[in-house]
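The values are calculated or read from the model by the stated rules, or taken from the named source; none is laboratory data. Just so it is clear, the structure is predicted and the values come from calculations on it, not from any experiment. We place every Cβ from the backbone using ideal geometry, glycine too, and count neighbours over all the protein chains shown. Surface areas here come from the heavy atoms of the whole protein model, side chains and all, with no ligands, DNA or RNA. Shrake-Rupley method; radii C 1.70, N 1.55, O 1.52, S 1.80 Å.
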Amino acid sequence: MTPERVLRLLDALDPLDVWVDGGWGVDALVGRQTRPHGDLDLGVARPQLDQAVEVLEGLGYAVTDARFVQVTVQLTHAAEGHRVDLHPSTPVDGGTEQLDFDGNTYLIPRAVEGRIGGRPVRCMPLSAQLRSHQGYELRPVDLHDMRLLEELGSG
């Protein structure tokens, strides 16, 4: 997933309430791409989830995993194979509430500004990124992301 593709997808989803999270969200906070990305994780306001899926389907994506629709919906590009994972959350004062796989809710503060390809984008804030990297065995890419987040938090 290239920065140019990420920006094209964000443009296509505008004006829906979406923000970048996951690995691209970390890179957005850092302000530059730090590693290759096979997918794009996007937070989306739950009332707009169906609209976001429709937009992505119009761009050649198909839903490939909706078993946990309250937590995530995975779409895969039919021709190119890359993924977009949508993470729906419910708007509340001060941000959104998202469910985890155990059925617990947690607050994600309002999106902040980050940069992808030199362009400002809305992304998940540092505190929420740190929280999202807890509760599972971290893979090498997660360890890379955590180092970057810790550097941001201490700087």
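Among the residues of the range 19-47, which ones are of a type in the set (A, V, I, L, M, F, W, C) and either more than 16 Å from residue 115 (Cβ to Cβ) or open to solvent by less than 10 Å² (accessible area, probe 1.4 Å) (or both)? Give the steps one after another, and end with the answer.
Restricting attention to the range 19-47, the residues satisfying the condition of being of a type in the set (A, V, I, L, M, F, W, C) are 19-20, 24, 26, 28-30, 40, 42, 44-45.
Within the range 19-47, 20, 24, 26, 28, 40, 42, 44, 45 qualify.
Looking at (1) touching a strand residue (DSSP E or B) at 6+ places or on another chain (Cβ under 7 Å); (2) more than 23 Å from residue 6 (Cβ to Cβ); (3) among the small types (Gly, Ala, Ser), find the lone condition where residue 60 falls short.
Here residue 60 clears every test but (2).
Having 2 or more residues that are closer than 24 Å to residue 27 by Cα is the bar; report the strands (runs of 3 or more DSSP E) wholly within the range 53-155 that clear it.
Values: elements: 61-65, 73-77, 83-92, 95-99, 105-109, 112-116, 119-123.
Per the criteria, 73-77, 83-92, 95-99, 105-109, 112-116, 119-123.
Can you go through 67, 122 and tell me which one is open to solvent by 50 Å² or more (accessible area, probe 1.4 Å) and either of a type in the set (Phe, Trp, Tyr) or within 12 Å of the chain's Cα centre (by Cα) (or both)?
Details: 67 fails: either of a type in the set (Phe, Trp, Tyr) or within 12 Å of the chain's Cα centre (by Cα) (or both).
None of the others qualify; the one that does is 122.
Residues of the range 92-106 being open to solvent by 40 Å² or more (accessible area, probe 1.4 Å) and modelled with pLDDT of 95 or more, which ones?
92, 97
If the Cβ limit is 6 Å and pairs must be 6+ apart or interchain, which residue in the range 37-66 that is under 14 Å from residue 15 (Cα atoms) pairs with which residue that is part of a loop (DSSP other than H, G, I, E, B) and open to solvent by 30 Å² or more (accessible area, probe 1.4 Å)?
Filtered contacts from the range 37-66: 45/17; 48/17.
Would you check if residue 89 is modelled with pLDDT of 95 or more, on the phi < 0 side of the Ramachandran plot and buried (at least 16 other Cβ atoms within 10 Å of the Cβ)?
Details: modelled with pLDDT of 95 or more: yes; on the phi < 0 side of the Ramachandran plot: yes; buried (at least 16 other Cβ atoms within 10 Å of the Cβ): yes.
Against the criterion (modelled with pLDDT of 95 or more, on the phi < 0 side of the Ramachandran plot and buried (at least 16 other Cβ atoms within 10 Å of the Cβ)), residue 89 qualifies.
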